[in-house]
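Values quoted throughout were computed directly from the atomic coordinates according to the rules given, and no laboratory measurement underlies them. Here the structure is a predicted model, which means the values were calculated and not measured. Positions of Cβ are generated from backbone atoms using ideal geometry, with glycine treated the same way; all protein chains shown enter the neighbour counts.
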Amino acid sequence: MAHFTLSLVVFIATMVASMHFHGAMAQTTHVVGDTLGWTIAPGGAAAYTTWASQQSFTVGDSLVFNFMNGQHDVAEVAAAAYDPCTSTNPISLTTTSPASLTLTTAGTHYYICTFTSHCQAGQKLTINVSAAATTPPSVTPTPPPSPSTTNPRTPTSPPPTTTPTPLTTPTEPCPPTSSPSASPPTITTGSTTPPPPPSGGASSFNAMLPVSLLAIGLAFLNY
C-alpha cells in the first residue's frame, strides 16, 4: 500500500511539472532590443534586425517595447507602409511604455515609431511569427490500480461430482444362536424318592385322624 501511494504522488508531481513546463513553452515574452530598449539605435535598423534573428517567435508570445513616454511610441503597420515609414492608418498604436503586444497570428509583423524621422533613422522592427504547435487532445492519464481495491477474478467452482451408490448385496439371515449363559435342563434318572404329596391331601388326613382314633376307642370299649 505504501509503494502504491508513493507511485501515485510521483505520478501527480510529474503531471503538474509537465503542465507548467508546457505552459511556459506555449508563451514567451520578448523584450525588444533587450537592454537597448525601443529607441533610435546607434547602428540603425541593423540593431533590431540582429536582435530579431536571435529570437523564435510563436503565436501566443508577447513583445514588450520599453521607451521614454512622450518621446517614442510603437505602431504595427502593414507591409506596404513599413519601407516608406508611413504612419497613417496603423494596425495598432501604443503611446505608453511598457507596451506589451501579443502575437495572435502567424506570418510577418512590422513595427515602427511614428515620431518624425524616427522610423527613417532605423527605429523599426520586422519579425516572422510561427504558428503554435498543434496540441493533441487532453487525455487524463489513469493512475495505477490499487492492489487493495482491485477485485481478483473469482475462480469458477467446478460442478459437484455425483458419487454412484454401491449396489447392496442381500444377505441371508443368520440362524439363531444359543446364549452361552443358558444351560440345558437337568434330568435326574433312577431316583426312588416319591414326589411329596399335595399340600391339600395332608391337611385332610390330619383333620380325619382324631375322628378315626375316637371311633377305634369306642369300638374297644363296646367289645
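Relative contact order for segment 29-129: 35 percent, from Cα pairs under 8 Å spaced at least 6 residues apart, divided by residue count. Between Asp34 and Thr116, residue separation times 0.36 nm minus the direct Cα-Cα distance comes to 27.1 nm. Put a dot 7 Å past the Cα of Ala131, heading toward its Cβ, do the same for Ser100, and the two dots end up 2.8 nm apart. Modelled this way, with points 7 Å down the Cα-to-C-beta line, the labels at Gln55 and Asn69 are 2.3 nm from one another.
A cut-off under 14 angstrom between Cβ atoms defines the neighbours of Ala99, and their net charge, with Lys, Arg +1 and Asp, Glu -1, is -2. Less than 5 angstrom separates the built amide H of Val31 from those of Val64, all sequence-distant by 5 or more or on a different chain.
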